[in-house]
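What follows is a single structure, written as structure tokens, with notes after it.
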Amino acid sequence: MTDHHHDHDHSELSETELRVRALESILTEKGYIDPAALDVLIETYETKVGPRNGARVVARAWTDPAFRARLLADATPAIGELGYAGRQGEHIVAVENTPELQNMVVCTLCSCYPWPVLGLPPVWYKSAPYRAKAVKDPRGVLQDFGFELPPTTKIRVWDSTAEIRYFVLPMRPEGTEGWSEEKLSELVTRDSMIGTGLPKQPGEVA
Amino acid sequence: MSADRNAAQQAAHAVPGIPRDGDGPVFRAPWEAHAFAIAVSLHARGLFTWPEWASALAQEITRAQAEGDADTGETYYLHWLATLERLVAEKGVTSATTLTRYRDAWDRAADRTPHGRPIELTQSDFSG
């Protein structure tokens, strides 16, 4: 669709994204749309944007130790095994949560956000104060989401670059022994893959 | 929020061809959801009725097909976006020239914004 140059030091918007932003800013200036209301509407489609291959990737890693090892060694070809490849999925790095370490990803601000893997970025990530707080006080951000980590758990924040997009491999919830990959993938939320939430618990899915 | 959601469901029923699953519209990319939400908002403002929108969108799709669009469903929201651009111009909300000016300004804003920072439009982006 576009041959937008691919420098790595500045932000990137596709031709189509430029047109959508142009419309949005004109209509906002003229009072035809309210950006906050638009965000609320769009957020209701969180799980309806993109194929969310990330949930499948996580569920496979939970059930297949060899795949998990390949994923952590080099995520891009491992994700490719599931049939997913694409410009925005290039150079993906998977970071694994453990009882001692919680990973959290920031930077969802431009085209580099890997939505084919993760789904729609959270609206709050676009807000500068939240973003700043995520870098300075990640534990506080997690608390804002009602997500209390033991004080002994370290938090590591990954700031995506134009070359590298991170996603979090969350810990498999307890009580899911013997679950199929498909059923497990239903537990994997967008927030658990950017590290601002936990996967759903077994009781939360039918 | 539920009012918005209802408005969106209404749109999905009134406009043929919207890619959807059992719950409602699905999108291949975030910008598609934005384009959808803009149309829902403009409809709520009374800028057009859904039958009017559906007719304009159908014209856009017919035109694109005549120009060789394979109409595989992947381009649905490109037609949707073109329809938005056409209708806002026809209704006198803005003009094609202004749309282009803002598009170019956003391009400059993206170019000068270091990666990972919010891309914001400033007055200086309009002169380049």
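Numerical summary
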read-out: Conditions (1) open to solvent by less than 60 Å² (accessible area, probe 1.4 Å); (2) at pLDDT 95 or above: number failed by A:Thr108; value: (2)
read-out: Some residue of the stretch B:36-50 being more than 24 Å from A:Gly31 (Cβ to Cβ), in contact with a helix residue (DSSP H, G or I) (Cβ under 6 Å, 6 or more places away or on another chain) and of a type outside the set (A, V, I, L, M); value: no
read-out: Hey, A:Val49 within 22 Å of A:Ser160 (Cα to Cα) and either modelled with pLDDT under 75 or of a type in the set (Asp, Glu) (or both) or not; value: yes
read-out: Residue within the stretch B:9-32 that is open to solvent by less than 10 Å² (accessible area, probe 1.4 Å), modelled with pLDDT of 95 or more and either over 19 Å from A:Arg21 (Cα atoms) or at the interface with chain A (Cβ under 9 Å from one of its Cβ atoms) (or both) present; value: no
read-out: Residue that is closer than 28 Å to B:Arg117 by Cα, at pLDDT below 90 and in contact with a helix residue (DSSP H, G or I) (Cβ under 7 Å, 6 or more places away or on another chain), where the choices are A:Ile194, A:Ile164; value: A:Ile194
read-out: Among the candidates B:Thr75, B:Thr122, residue that is under 21 Å from the mean Cα position of the chain (by Cα), more than 7 Å from every other protein chain (Cβ to nearest Cβ) and hydroxyl-bearing (Ser, Thr, Tyr); value: B:Thr75
read-out: Test: A:Trp158 is under 18 Å from A:Glu100 (Cβ atoms) and surrounded by 15 or more Cβ atoms within 10 Å (Cβ to Cβ); value: yes
read-out: Which listed residue is more than 16 Å from B:Trp53 (Cα to Cα) and at pLDDT 95 or above, from B:Thr100, B:Thr75; value: B:Thr100
read-out: Count - residues of the stretch B:33-45 that are more than 7 Å from chain A (Cβ to nearest Cβ) and more than 8 Å from the chain's Cα centre (by Cα); value: 2
read-out: Condition met for B:Thr98 (part of a loop (DSSP other than H, G, I, E, B), within 8 Å of chain A (Cβ to nearest Cβ) and in contact with a helix residue (DSSP H, G or I) (Cβ under 7 Å, 6 or more places away or on another chain)); value: no
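The values are calculated or read from the model by the stated rules, or taken from the named source; none is laboratory data. From a predicted model like this one, the values you see are computed outputs, not experimental measurements. So basically every Cβ, Gly included, is an ideal-geometry build from the backbone, and we count neighbours across all protein chains shown. Calculation scope for accessible area: heavy atoms of the full protein, side chains included, ligands and nucleic acids excluded. Shrake-Rupley method; radii C 1.70, N 1.55, O 1.52, S 1.80 Å.
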